[in-house]
Amino acid sequence: MPGDTGEEEEEIAHPFFTHMGIPEGVGVYNLRLEGLVNRVDGMTKGDFGFHFETGLTKRIGLHVRNDSFLNRTRSEVMFQFLAIKSKDGMSGFSPIIEFEIPTRTGGGSRVHTLVGFSSALVNKRAAFNQVVHYNPREDSVDYSFALVLRAGKQYFPVFEILGEGMRGERPIVNLLAGLKVRMNKNLMLGFAVQVPVTNQKDFSSQMVFQPDIEWKRK
């Protein structure tokens, strides 16, 4: 690539909750684990989450996730289809289909099917990713936008907007600001704060601790 010094520059960090706009490469695996501390009605409540993603083929990606396991009774299995890819392979547009599967008591027995799309605009210094999911059964939508910056070799400031809405209910919008620090080739540690900016909200504040593990199959 232009300006290559002979050393492969490490990839830019993933966001905290927004998934990448295009699939991971085949043989590339990423696992994000979240420890959450929520402030709700003056009380502190703990929770945890996970997000696993990999590339099944050159154009199909797999995501398995639940961002709040103790609070959300369903987990997501999502397939991402790369429809448009930039010449350098870093940016693009992907339709998605998602299945919400009951994983805890209270999640019902139905599997919900969601549709949507995601996109990515990435270079060596910054990455913008966005995603929109629509649930036709509940007539609801959730979305997120993330900007990750490279501030040196080890540090990655992260900013995200996360929202959801349903017909007949007030929307929820949260803002997140955090930092990811590269510990070694395979591990980053992330710290973030998320706060609501709407009257409707799930918590008054949330602290996030996220080990971000990535490895490649040889």
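The values are calculated or read from the model by the stated rules, or taken from the named source; none is laboratory data. Note that the structure is predicted; figures quoted are calculated from it, not measured. Neighbour counts run over all protein chains shown; Cβ positions are idealised from the backbone, glycine included. When the accessible area is computed, the model is the full protein with side chains, heavy atoms only, and any ligands, DNA or RNA have been set aside. Shrake-Rupley method; radii C 1.70, N 1.55, O 1.52, S 1.80 Å.
Tabulated data
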quantity: Val148 being over 26 Å from Phe79 (Cα atoms) and not hydroxyl-bearing (Ser, Thr, Tyr); calculated: no
quantity: Hits in segment 38-76 (condition: among the hydrophobic types (A, V, I, L, M, F, W, C) and in a loop (DSSP other than H, G, I, E, B)); calculated: Leu56, Phe69, Leu70
quantity: Subset of segment 29-52 [open to solvent by 40 Å² or more (accessible area, probe 1.4 Å) and either at positive phi or small (Gly, Ala, Ser) (or both)]; calculated: Asp41, Gly42, Gly46
quantity: Output for segment 118-133, where each listed residue is farther than 15 Å from Glu76 by Cα and assigned to a strand (DSSP E or B); calculated: Ser118, Ser119, Ala120, Leu121, Val122, Ala126, Ala127, Phe128, Asn129, Gln130
quantity: Candidate set: segment 73-100, residues that are among the β-branched types (Val, Ile, Thr) and under 16 Å from the mean Cα position of the chain (by Cα); chosen: the one most open to solvent (accessible area, probe 1.4 Å); calculated: Ile97
quantity: Residues of segment 194-212 that turn out to be loosely packed, with under 15 Cβ neighbours inside 10 Å and within 15 Å of the chain's Cα centre (by Cα), as a count; calculated: 1
quantity: Subset of segment 101-124 that is within 30 Å of Phe156 (Cβ to Cβ) and free of Cβ contacts under 8 Å to residues at least 40 places away in the same chain - its residue that is surrounded by the most Cβ atoms within 10 Å (Cβ to Cβ); calculated: Leu114
quantity: Test: residue in segment 190-203 that is hydroxyl-bearing (Ser, Thr, Tyr) and in contact (Cβ under 8 Å) with a residue 60 or more places away in the chain; calculated: no
quantity: Test: residue in segment 129-141 that is surrounded by fewer than 16 Cβ atoms within 10 Å (Cβ to Cβ), out of contact with any Cys (no Cβ under 9 Å at 6 or more places or on another chain) and among the aliphatic types (A, V, I, L, M); calculated: no
quantity: Residue check, Met43 of a type in the set (A, V, I, L, M), at pLDDT 90 or above and out of contact with any strand residue (DSSP E or B) (no Cβ under 8 Å at 6 or more places or on another chain); calculated: yes
quantity: Residue in segment 134-150 that is more than 20 Å from Glu164 (Cα to Cα), part of a loop (DSSP other than H, G, I, E, B), basic (Lys, Arg) and at pLDDT 95 or above present; calculated: yes
quantity: The one condition in (1) open to solvent by 80 Å² or more (accessible area, probe 1.4 Å); (2) within 25 Å of Lys45 (Cβ to Cβ); (3) in contact (Cβ under 8 Å) with a residue 40 or more places away in the chain that Lys153 fails to fulfil; calculated: (2)
quantity: Failed item, numbered, when Ala146 is tested on (1) open to solvent by 60 Å² or more (accessible area, probe 1.4 Å); (2) under 15 Å from the mean Cα position of the chain (by Cα); calculated: (1)
quantity: Residues of segment 61-78 classified as over 18 Å from Leu31 (Cβ atoms) and of a type in the set (Phe, Trp, Tyr), total; calculated: 0
quantity: Which numbered condition Phe191 fails, given (1) closer than 18 Å to Asp142 by Cβ; (2) at pLDDT 95 or above; (3) open to solvent by 30 Å² or more (accessible area, probe 1.4 Å); calculated: (1)
